[in-house]
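The values are calculated or read from the model by the stated rules, or taken from the named source; none is laboratory data. Since we're looking at a predicted model, the values are computed, not measured. No Cβ is skipped: glycine too gets one built from the backbone with ideal geometry, and neighbour counts run over all protein chains shown.
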Amino acid sequence: MSRSSAGNGTPRVCLLLALLLGACAGGELTPQDDMGAAGDLGGGDGGAGDTGTPTGCNPPCAVGQICVGSMCMAGCTDSAGCPTGLSCCSGMCRNVPADIDNCGTCGNACGTTANACRGGMCYCGAGAACTDGGVCCEGRCVDLQTDSSSCGACGMRCEDGESCNAGSCGLPPCSPACAEGEMCMAGVCRCGESPACPPGQACCGNGCVDVQSDAMNCGECGNACEDGQVCDLGMCVTPACVPSCAMGSTCCGMECYSLAGDVTHCGSCAVDCRMGRGETCAMGMCRCGGAPGCSGTPESSCCGAGAAARCVNTLTDTANCGMCGRACGPGEACRDGVCGCGMGPSCGGGRQCCSGTCNDVLTDRNNCGGCGVRCSGAQQCCNGACVDTNTNMSHCGGCGRACDTGTATQCLAGACSCGTTGAACIIVCNPFTLTCFPI
């Protein structure tokens, strides 16, 4: 008696599932069940006339493959090894001299500290893998907490004028913090419209005063001395020197000073040559270097040391912007004591001001390594140098993509190549025959 269509359907489906999954809905399929199912496909009743289907893979799987059911798939085991030069890592054959996830030995992943594995060593671009928490971004080590070109993540660039702090872009904070009465503006402390007050002075209202000697702000802002008193070392006192001062000295407050050379009382009790300008006192006159003292306005300061000191306007001087020694970046200007590029804030973060615009001179083809340095043709700007990524072994096909000199001898059309083969070897490139070994 012939079977019904419903009766034949179940074994057919079961056999297909068994070949793929090794089981049917009714339980596991044994080799005998497999043979019976195969016989049913032939239309018999499972008797002597059934052909049956042998288990396993026939022909046997190649090296680097394993038999799953009756299919050969890429993989390896302790008994089914890998081709020469490859290692079995977690069930897959890997080239540990060049595998970034199994670099040098199984399970040794380079992670975020590198972008290539060469000779069993992790590399970031052409250099060693990053250390001290650094991350490899575009072939160079960066600190994602502070790098404005990769802030928080590789390629996350901060806007012009922003800085990267704790992995987030924002306007740079003032460091150290501004003194009492001062305000932080674009990362720079200011006293009103003037630069931050120098040491020894305080910001009272909109100007800097010496609270050690200012009778209207004695010791602190707003503390005015009574009529007839003077401010001496931050205290209101009635002038009196006991005993009397010797010849050549003058009583200022309650102390005797030589007005001819005392920097805090130069020429008279009320003249303090310091006043944030760094001047000296000679023959009763304030001096800056070998020249007369600065004008005494808040904008003028004596910057430098010894004979090299000079009077500068810290509101406009790019070498001393806002205070002595604070230099603006190349191409930037000093406006009101604050460095800026064009009409915007200072560049910072490895960028440079070129024609009034902040540019990343590490990657900009039109300003590579410096303003106006243009890369020609198909060259790319990699870490501030113009390179041909079609032929450069350290930047083959893109910045930071270095070829392994053990598996390739040249960069050919942007691809690492052993000789003129157009591809790198898996194991070794013979430098004499320019062929891969083993083949």
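For the range 327-335, state whether one or more residues are acidic (Asp, Glu) and surrounded by fewer than 21 Cβ atoms within 10 Å (Cβ to Cβ). No. Filter the range 213-266 down to the residues that are of a type in the set (Ser, Thr, Tyr) and part of a loop (DSSP other than H, G, I, E, B), then identify the one that is surrounded by the fewest Cβ atoms within 10 Å (Cβ to Cβ). Result: Ser244. Taken over the range 183-208, the criterion of being part of a loop (DSSP other than H, G, I, E, B) and either buried (at least 21 other Cβ atoms within 10 Å of the Cβ) or among the polar types (S, T, N, Q) (or both) is satisfied by Ala196, Cys197, Gln201, Asn206. No other residue among Ala80, Ala38, Ala48, Ala62 is part of a helix (DSSP H, G or I), modelled with pLDDT under 90 and small (Gly, Ala, Ser) apart from Ala38. Does Cys339 satisfy the criteria of being assigned to a strand (DSSP E or B), crowded, with 16+ Cβ neighbours inside 10 Å, over 22 Å from the mean Cα position of the chain (by Cα) and not aliphatic (A, V, I, L, M)? So Cys339 fits the description; yes. From the list Asp360, Asp388, Asp364, the one residue that fits, being out of contact with any helix residue (DSSP H, G or I) (no Cβ under 7 Å at 6 or more places or on another chain) and surrounded by fewer than 17 Cβ atoms within 10 Å (Cβ to Cβ), is Asp388. Of everything in the range 267-277 that is surrounded by fewer than 20 Cβ atoms within 10 Å (Cβ to Cβ) and modelled with pLDDT under 85, the residue that is nearest to Glu226 (Cα to Cα) is Ala270. If you go through the range 120-178 and pick out every residue that is surrounded by fewer than 21 Cβ atoms within 10 Å (Cβ to Cβ), part of a loop (DSSP other than H, G, I, E, B) and hydroxyl-bearing (Ser, Thr, Tyr), you end up with 4.
What do you reckon, is Ala291 surrounded by fewer than 21 Cβ atoms within 10 Å (Cβ to Cβ), free of Cβ contacts under 8 Å to residues at least 60 places away in the same chain, farther than 26 Å from Gly325 by Cβ and hydrophobic (A, V, I, L, M, F, W, C)? No, not satisfied.
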